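Enquirer: Dropping a structure here in structure tokens format, bear with me for questions.
The values are calculated or read from the model by the stated rules, or taken from the named source; none is laboratory data. Predicted model, so just to flag it, every value in this text is computed and none were measured. Glycine also receives a Cβ, built like all others from the backbone with ideal geometry; neighbour counts cover every protein chain displayed.
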Amino acid sequence: MPPCCQIEIVQQSMVKMPENAVLRPVDKLRPYANNARTHSTEQIEQLASSMLEFGFTQPVLITGDGDIIAGHGRVMAAKSLGLTEVPVIVLDHLTPDQRRAYVIADNQLALNAGWDNDILAAELAALEHADFNLDLIGFTPQQMEKMLGVEAAAASLPALAAGGKTSLSQMTFTVTDEQKGDIERAMELAKSFGDFVDTGNENSNGNALARVAEMFLGAQSDVDG
């Protein structure tokens, strides 16, 4: 582990804590000329939508003179919404070199984090089941489809009645794009064999998967026999 990443317990006073956020006029904030982070029009629209849904949850970090250290995209989104003021935190304890480094670190350190894909898929499925607007999350439709896989179908199932939970179960899976295509083709083929009768399940996808499993098990029995 590199020296910069060795963690040790320190006294509270050794870590500089920001003062409470205050409102500043957006036209008084100056972008850092050498900011290497880019913001597409689509991302600015996503940030603006996030502000409308969740609020301005992350204050902009600035110098005492109003130069932006972190939050360039948030300021651009605020301007697109017509906001005249934004919450800021003044970091006046940083040296010029520390400010230059933090402009990069603020963006890169977040990129170094990862996802637990199973937990993420389950959380997204739960939000979809609650009819939450997943466009606000920040993933593209292609990424969402890849992460959810079959979970999307499970999340769209209606809530089971109190007396019906003993015979019905909801299952989720994580699959690759190629596997997802194979599963979907197999399900469509299973549906083409005819209606599902007396299964006790009104979900066609669940019935189709069960039929695929039955056909596979039947073929395996023939081979074993």
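Enquirer: For segment 214-223, check the following and say yes or no: at least one residue is modelled with pLDDT of 70 or more, surrounded by 12 or more Cβ atoms within 10 Å (Cβ to Cβ) and over 25 Å from the mean Cα position of the chain (by Cα).
Expert: Scanning segment 214-223 turns up at least one residue that is modelled with pLDDT of 70 or more, surrounded by 12 or more Cβ atoms within 10 Å (Cβ to Cβ) and over 25 Å from the mean Cα position of the chain (by Cα).
Enquirer: Still on this structure: Six or more apart or on different chains, Cβ under 9 Å: which pairs go from a residue in segment 17-30 that's closer than 14 Å to Ile68 by Cβ to one that's at pLDDT 90 or above and assigned to a helix (DSSP H, G or I)? Could you list them?
Expert: From residues that are closer than 14 Å to Ile68 by Cβ, the pairs are Val26/Val75; Val26/Ala78; Val26/Lys79; Asp27/Lys79; Leu29/Val75.
Enquirer: Does Glu151 qualify as being at pLDDT 80 or above, among the acidic types (Asp, Glu) and under 29 Å from the mean Cα position of the chain (by Cα)?
Expert: Spelling it out, it is not the case that Glu151 is at pLDDT 80 or above, among the acidic types (Asp, Glu) and under 29 Å from the mean Cα position of the chain (by Cα).
Enquirer: If you don't mind, there's one more thing I want to ask. Pick from segment 70-87 the residues that are over 25 Å from the mean Cα position of the chain (by Cα) and touching a residue at least 24 places away in the same chain (Cβ under 8 Å): which of them is surrounded by the most Cβ atoms within 10 Å (Cβ to Cβ)?
Expert: The residue in question is Leu83.
Enquirer: Here is a further query. For segment 92-107, does any single residue satisfy the condition of being of a type in the set (A, V, I, L, M), modelled with pLDDT under 90 and in a helix (DSSP H, G or I)?
Expert: Taking every residue of segment 92-107 in turn, none turns out to be of a type in the set (A, V, I, L, M), modelled with pLDDT under 90 and in a helix (DSSP H, G or I).
Enquirer: What number of residues in segment 108-150 are assigned to a helix (DSSP H, G or I) and touching a residue at least 40 places away in the same chain (Cβ under 8 Å)?
Expert: 7
Enquirer: From Asp97, Asp65, grab the single residue that is closer than 13 Å to Leu29 by Cβ, among the charged types (D, E, K, R) and free of Cβ contacts under 8 Å to residues at least 40 places away in the same chain.
Expert: The unique qualifying residue is Asp65.
Enquirer: Quickly run through segment 30-75 and pick out the residues that are part of a helix (DSSP H, G or I) and in contact with a His (Cβ under 6 Å, 6 or more places away or on another chain).
Expert: Residue satisfying the conditions is Gly73 alone.
Enquirer: Which pairs turn up if I take residues in segment 191-211 that are touching a residue at least 40 places away in the same chain (Cβ under 8 Å) and look for partners that are crowded, with 18+ Cβ neighbours inside 10 Å with beta carbon separation below 8 Å, at least 6 apart in sequence or on another chain?
Expert: As it stands, the answer is Asn205/Ala153; Asn205/Met187, since those pairs meet every condition given.
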